[in-house]
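The values are calculated or read from the model by the stated rules, or taken from the named source; none is laboratory data. Bear in mind that the values here come from a model prediction, so they are computed numbers and not experimental data. Cβ coordinates were reconstructed from backbone atoms using ideal geometry, including for glycine residues, and neighbour counts include every protein chain displayed.
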């Protein structure tokens, strides 16, 4: 009983089972939707894909990455490439405690390496 009738039956019998079944059904539907949305948003954008491929297996600084991608405009690089890759968990900072360090470099995470390996066969 996963409807308003389930709630009415709960009320009439003073039995919480139909209500619990109803709520569990709603929770299951919400969880399935959340998982579907997560899988959709976990895909690599074209810009992040280019960044991952440019990194290969090494550690690179932001200037080296911009040069490898043929970019000159730092705000575009940060907004479209670097930050989405960091937020998505595709790359990580080598100095996570000093994000603005002039010697900061970036490397692929296991997730990024796995994606790159899948692309290269």
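Residue 32 falls short on exactly one of the conditions (1) surrounded by fewer than 15 Cβ atoms within 10 Å (Cβ to Cβ); (2) at pLDDT 90 or above, and that condition is (2).
Restricting attention to the stretch 86-120 and to residues that are assigned to a loop (DSSP other than H, G, I, E, B) and in contact (Cβ under 8 Å) with a residue 40 or more places away in the chain, the residue that is farthest from residue 62 (Cα to Cα) turns out to be 88. Among the conditions (1) at pLDDT below 75; (2) outside any helix (DSSP H, G or I); (3) surrounded by fewer than 11 Cβ atoms within 10 Å (Cβ to Cβ), residue 39 misses just one, which is (2). Outside any helix (DSSP H, G or I), closer than 29 Å to residue 121 by Cα, modelled with pLDDT of 80 or more and out of contact with any strand residue (DSSP E or B) (no Cβ under 8 Å at 6 or more places or on another chain): does that describe residue 44? So residue 44 fits the description; yes. For the stretch 61-104, the set of residues classified as crowded, with 16+ Cβ neighbours inside 10 Å and out of contact with any helix residue (DSSP H, G or I) (no Cβ under 8 Å at 6 or more places or on another chain) consists of 86 only. For the stretch 59-85, residues that are without any contact (Cβ under 8 Å) to a residue 40 or more places away in the chain and not in a helix (DSSP H, G or I) total 4.
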